[in-house]
Amino acid sequence: MNGPVFEVFRQERRGQPFEHAGSVTAPDAEFAEAWAREQYGRRGESVALWIVPREAIRPVTEWADEFDLKYRRVDGYSIKTRLKEARERAGTAAS
Amino acid sequence: MSERAPRLLELADDELVLGWHESEWTGIAPTLEEDVAFSSIAQNEIGHARAAYELAAADLGTDADALAFDRRPEEYRCAPLVELRLLDWAHAIARRWLYEEADAVRIAALKADTDPELAGLAAKIDREEAYHRMHAAMWHERLRHEPRFREAVEELWPYAVALLPQELRPELAARTGLALPSDTLLQGKERGEHTPQLAELWDEMTSVRRSAPAGARW
Amino acid sequence: MPASEVPRDEQAFLDYVQSGGKVEATDWMPDEYRARLIKFIEMHANSELMGVLPEREWILRAPTLQRKLALTAKVQDEAGHAQLIYRVVEDLGKPRERCLEDLVSGKAKFHNVFHYPTRTWGDVGVIAWLVDAAAIISQKALLKCSYAPYARIMKKICWEESFHILHGRDVVLALVTGTPAQFELVQEALNRWWGPLMQFHGHTIPADEDPMVIWRIKSQGNEEARQQFLEGYVPQIRELGLEIPDPKLRRREDGVWEYTEPDWDELRSVVTGHGPKTAERLAFRRRFLEQERWVREAVLAA
């Protein structure tokens, strides 16, 4: 099938985030909806779809994380040693 | 002092002092989206400073924090461009753009250095700066017709030129399409001279660290 | 737009959310529900935005490179959270510019803890650890909010807050294992922050009388949140040798924490704009909001 590509995002249950499910090619948005409904919803497996022209999507795949980013994350901290020391100082360490 | 330490400190002090000033924009940029973007750039610059300090510290037998905090203001080797405290967006973003342009020229030269550690660090920094340059170019494109921004660029241009050694300046002029300023305009802006704002920043940035004696933990 | 299963009738809508139904931005909703969402979520966004300021002052004074990076990243996250949350408010019908105008004019509210000064580096640790701990308790409960776009962003927010708490606890641990003067810095900060922390979750309102719970915007009562905070954090504070400035504080045998009644007059006065730092911080916000208006106009003029 020729025609522009539409990416399809589906929501499985209300309140859940939409996830990418696949794509359809279709002559226009109306056809895309009709066909995506069938492809991604005919078993009642979706409560909602988002149908987005592929050219409207701007992908970002390159990340310049050359240096340590751990200071922003939980796994960047190890408090074990200091916690032990603080407990000992306070006399609250489990004996 | 090792042969490369002064060069590393120039780079590190520039990135530290610029990042330190720019971090002040966290939470007060023109839009919340830009808050997040600008703050990451400031953090990256400080990350670059830390990496360069670590390399220098290994040569000098000290550590990165000591180099960043425990020198006197007159011992810093940063250029006056980064020392200015610019709390209006026209100037802040004009400096951001000019700094990235000048830094691109400097980093390109460092990448070609015969010292593999120095060249390696420069290459690593360059990969992050590529994103900073994209950000700066985007703002430049958006604001270049705004009188406030143009005036700020004009005012800060001599500072940006003075950040680089003589031999790299023509390349910066070619990149930006701006004419090199006269020697008179460069007075007081050359590396080795310091603005009063550096001492003010130093006072504040070291205040907590200086507040407790040896044995203190941070 | 496919037919929505959200009922277009106030009573049926109420039944729907009370039985666990979720509402999306494009669904019909009763005016009262929308108004309550806007007010509540806007105050949350305002709090994130104003929460930037107390800690931002210390970004320039962080005592090591690591602390500098972590504190900047933490404050950056608060600005990021404000963006996420104002976006939800915008979709509900109130533009960001208007939210900001209402904030700086003093019409809109923000959380009590952001009206107080940050006096020392000890405050930086206590805020990141305990204020964020109190906040994450409320925010975790919002993961179940009936308004799904709000519940979804809360996932990211809670994930980021958990880093804040660890950063704060790490700052506190460094200080309490440092010099005696540094230990005192934490104790003194805790003494000042305890009152506001106990007021943070608000008056004890029975859940079945709280309209926010009735509409399933909140799923947790105020006292429940406070109890959870005490249960989680009092032991963590005490094991460091720190003293909590409340002589009545104790855990009963049935697991309920007793405490001195928080100063509700102070809370009312502070959140209605009479906190020690309210005027100064709003003036600061106003200054930058006005100063950088031309930038927003230039950027948005495509």
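Here, each number is a calculation from the coordinates, and none is a lab measurement. Everything numeric here is computed off the predicted structure, so don't read it as measured data. Neighbour counts are summed over all protein chains in view; Cβ atoms, including those assigned to glycine, are modelled from backbone coordinates with ideal geometry.
Here are the numbers for this structure:
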item: Exposure proxy order (Cβ contacts within 10 Å, fewest to most) of B:125, C:136, C:214; result: C:214, C:136, B:125
item: Sparsely packed chymotrypsin sites (Phe, Trp or Tyr not before Pro) within segment B:133-203, loop by DSSP, other Cβ within 10 Å at most 10; result: none
item: Under 5 Å, built H, 5+ apart or other chain: amide partners of residue B:27; result: none
item: Segment A:1-52: trypsin sites (Lys or Arg not before Pro) falling in loop per DSSP and having at most 16 other Cβ within 10 Å; result: A:13, A:42, A:43
item: Nearest-0.05 FRET efficiency for residue B:137 and residue C:243, computed from C-beta distance (R0 51 Å); result: 0.40
item: Cα centroid separation - segment B:155-199 against segment C:197-255, whole Å; result: 58
item: Degrees separating the helix B:147-163 axis from the principal Cα axis of chain B, which is the longest one; result: 50
item: Under-5 Å amide H pairs with residue A:6, H placed in peptide plane, nonlocal only; result: A:24, A:25, A:26, A:54
item: Residues C:200, C:284 arranged by fewest to most Cβ contacts within 10 Å; result: C:284, C:200
item: 0 to 90° range, to nearest 10: angle between helix B:89-111 axis and chain B longest Cα axis; result: 70
item: Alpha-carbon centroids, segment A:44-74 and segment B:76-94: separation in whole Å; result: 34
item: Contact order normalised by residue count of chain A, Cα under 8 Å, 6+ apart, percent; result: 26
item: Principal-axis tilt of helix B:196-205 within chain B, Cα atoms, nearest 10 degrees; result: 50
item: Per DSSP, loop GluC sites (Glu not before Pro) in segment B:1-40 with at most 15 further Cβ within 10 Å; result: B:3
item: Percentage relative contact order, chain C, counting C-alpha pairs under 8 Å, at least six apart; result: 20
item: Relative contact order (percent, whole number), segment A:5-56, Cα cutoff 8 Å, 6+ residue spacing; result: 48
item: Structure-based [θ]222 nm, the protein assembly as shown - -39500 (n - 2.57) summed over DSSP H runs of at least 4, per residue, nearest 500; result: -19000 deg cm²/dmol
item: Rough spin-label spacing in nm, given labels placed 7 Å along Cα→Cβ, for residue C:260 and residue C:203; result: 2.2
item: Order of C:102, C:208, B:14 - criterion: other Cβ atoms within 10 Å of each residue's Cβ, fewest first; result: C:208, C:102, B:14
item: Exposed trypsin sites (Lys or Arg not before Pro) absent - longest run of chain C, DSSP non-H/G/I/E/B, at most 16 other C-beta within 10 Å; result: C:120-247
item: Local net charge near residue A:45, Cβ-Cβ under 15 Å (Lys/Arg +1, Asp/Glu -1); result: +3
